[in-house]
Amino acid sequence: MTPTQHVFTGARKALPIVLGYLPLGFAYGALASLAGIGLPYIFMMSLIVFAGSAQFISVSMLAAGAGAVSIIATVFLVNLRHLLMSASLSPYLQSFPRTSLPLLAFWLTDESYAMACGEFREHERNHFFMLGLFGTAYAGWVMGGMLGGIFGGLFNSAQAALTMEYALYAMFIFLLVIQVTERKLVFAAGVSGILSLFFYLVIPGSWYIMLATICTATMGVMVEKWQDS
């Protein structure tokens, strides 16, 4: 296939992510607008930050009058999980041009990571495919935020946020289901979910995702080594 065809193939694969990002981005834009943030800043945050949970947190903290340092520190902690996701994808990116890596790193999200893992497991994908996949998801999020900033004032903020939040959970469930093709993956998903809930209940802050991921990955490596020995 030509580079253009690879990009379009990646873009088609990103459509389930876009369908989730549009309503979720709309919810972000609507809440930001109702919090008094101007449309240019709503757009720029989606364009430059591109992190759903971080943007929701930033909006709530800005509305509460929080300072820049506390917002930056909170967003940093919330997005620490991207270090683990990037590390697990890096073996597949060794042949990619170095010029494409910063853009792919910036566009990396939980949903695009899950989709990329499935693609790399089943196919040999190049950087053009990944740019199409990640870039289309990015465009969907930015568009959703813009639409929310423009039309969000027409909706009740609390009801809109509660309704649209279900799109995120539905998208994660869909991405999980299509990835779980073996019994060991079902077990890993179950253990990770239980650990996430446990850490969420006993540890304050946003460390529960990071800790659950590290524990599950460590157990997976130990099981693999035990089976090979």
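The values are calculated or read from the model by the stated rules, or taken from the named source; none is laboratory data. Note that the structure is a prediction, hence the values are computed from the model and not measured. Positions of Cβ are backbone-derived with ideal geometry, glycine not excepted, and every protein chain shown enters the neighbour counts.
Scanning the stretch 77-113 for residues that are over 15 Å from Phe129 (Cα atoms) and hydrophobic (A, V, I, L, M, F, W, C) yields Leu77, Val78, Leu80, Leu83, Leu84, Met85, Ala87, Phe106. Close contacts from the stretch 33-62, counting a first residue that is within 16 Å of Phe151 (Cβ to Cβ) and a second that is outside any helix (DSSP H, G or I), with Cβ to Cβ under 9 Å and a gap of 6+ residues or different chains, come to Leu34/Phe155.
Which residues, taken from the stretch 89-121, are touching a residue at least 40 places away in the same chain (Cβ under 8 Å) and among the hydroxyl-bearing types (Ser, Thr, Tyr)?
So the first thing to find is which residues in the stretch 89-121 are touching a residue at least 40 places away in the same chain (Cβ under 8 Å), and the list is 106-107, 109-112, 114-115, 117-119.
Scanning the stretch 89-121 gives Thr109, Ser112.
Please work out which residue is farthest from Ile173 (Cα to Cα), limiting yourself to the stretch 204-224 and to residues that are free of Cβ contacts under 8 Å to residues at least 40 places away in the same chain and surrounded by 12 or more Cβ atoms within 10 Å (Cβ to Cβ). Among those residues, the one meeting the criterion is Val223. Restricting attention to the stretch 73-109, which residues are closer than 15 Å to Met210 by Cβ and either of a type outside the set (Gly, Ala, Ser) or modelled with pLDDT of 90 or more (or both)? Listed by number, the residues that qualify are Thr74, Val75, Phe76, Leu77, Val78, Asn79, Leu80, Arg81, His82, Leu83, Leu84, Met85. For the stretch 15-22, the criterion of being at pLDDT 85 or above, more than 27 Å from Glu124 (Cα to Cα) and in contact with a Phe, Trp or Tyr (Cβ under 6 Å, 6 or more places away or on another chain) is met by none of the residues.
Surrounded by 15 or more Cβ atoms within 10 Å (Cβ to Cβ), among the aromatic types (Phe, Trp, Tyr), over 19 Å from Ser53 (Cα atoms) and at pLDDT 85 or above: is that true of Phe199 in this structure? Quick ask: steps written out before the conclusion?
Numbers: surrounded by 15 or more Cβ atoms within 10 Å (Cβ to Cβ): yes; among the aromatic types (Phe, Trp, Tyr): yes; over 19 Å from Ser53 (Cα atoms): no; at pLDDT 85 or above: yes.
Criteria not met by Phe199.
Across the stretch 147-157, a minimum of one residue is classified as under 24 Å from Val78 (Cα atoms), modelled with pLDDT of 75 or more and in contact with a helix residue (DSSP H, G or I) (Cβ under 6 Å, 6 or more places away or on another chain).
Of everything in the stretch 9-42, what is in a helix (DSSP H, G or I), over 25 Å from Ile173 (Cα atoms) and not aliphatic (A, V, I, L, M)? Give them in sequence order. Don't jump to the end; show me each part of the working.
Quick first cut of the stretch 9-42, residues in a helix (DSSP H, G or I) only: 9-13, 15-34, 39-42.
Filter again for over 25 Å from Ile173 (Cα atoms), leaving 32-34, 39-42.
Result: Ser33, Pro40, Tyr41.
The rows are residues; the columns are (1) under 17 Å from Gly140 (Cα atoms); (2) in contact with an Asp or Glu (Cβ under 6 Å, 6 or more places away or on another chain); (3) buried (at least 17 other Cβ atoms within 10 Å of the Cβ); (4) aromatic (Phe, Trp, Tyr).
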| site | (1), (2), (3), (4) |
| --- | --- |
| Gly29 | yes, no, yes, no |
| Ser46 | yes, no, yes, no |
| Val49 | yes, no, no, no |
| Gly67 | no, no, no, no |
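Entry remark, the stretch 203-220: residues being closer than 15 Å to Ser88 by Cα and at pLDDT below 75 number 1 in total.
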